[in-house]
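These notes concern the structure reproduced below.
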Amino acid sequence: MNKFAFRTTLYFALVTIAAVIALSGCGGNGNNNASESPSTPSTSSAPAAGGATKEITVTATNFQFDQTELKVNKGDTVKLTLKNDNGNHGFKIPDYDVNLKNGESATFVADKAGTFDFACSIQCGTGHNEMTGQLIVQ
Ligand SMILES: [Cu+2]
């Protein structure tokens, strides 16, 4: 009885040691992979957040904007301000959820490349429909 119990205990002890060695080997590899994976996305997202900051003031008159083409680089932080010299005009870029009234500013990250229309957002008079332009994110 005692001998049998001792052998059984010894057997389980050996199995347990073998299992611990096997698990620690796998666990070591798993930990290395896990610590590399999170660092990869954080380095790749860093350049997007590190773009330049561009401050652009668009001046509106009856019936045009002083700039019809705004060029920025993808990843830039853009601070847009609308200034009305005469008339009552707004400034909208629907694709970037920008809609400004006179004197207002909007700051956004140009994270989508492409050409996006902007336009006057206030029905300002006869020339309203000609008050358009494009934001070019390259
Ligand atoms: Cu208008």
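Only the coordinates and a few stated rules stand behind these numbers; no lab work does. Here the structure is a predicted model, which is why all the values come from computation and not from measurement.
Observations on the structure shown:
- The amide H of residue 134, built 1.01 Å from its N in the peptide plane, has 69, 70, 118 as neighbours under 5 Å, considering only residues 5 or more places off or on other chains.
- Backbone geometry of the range 59-65 corresponds, through the Karplus equation with coefficients 6.51, -1.76 and 1.60 at θ = phi - 60°, to 3J(HN,Hα) couplings of 9, 10, 9, 7, 10, 7, 9 Hz, x marking Gly and Pro.
- In the range 53-137, the DSSP beta bridges split such that about 60 percent are antiparallel, to the nearest 5.
- Full extension of the chain between residue 105 and residue 117 yields a length gain of 2.5 nm, computed as 0.36 nm times the residue separation minus the alpha carbon distance.
- Here's the list of lysines a cross-link from residue 79 could span, going by alpha-carbon distance under 30 Å and ignoring same-chain residues fewer than 8 apart: 54, 71, 92, 101, 112.
- Per-residue ³J(HN,Hα) for the range 73-83, Karplus 6.51 cos²θ - 1.76 cosθ + 1.60, θ = phi - 60°, Hz, x for Gly and Pro: 9, 4, x, 5, 8, 10, 10, 9, 10, 9, 10
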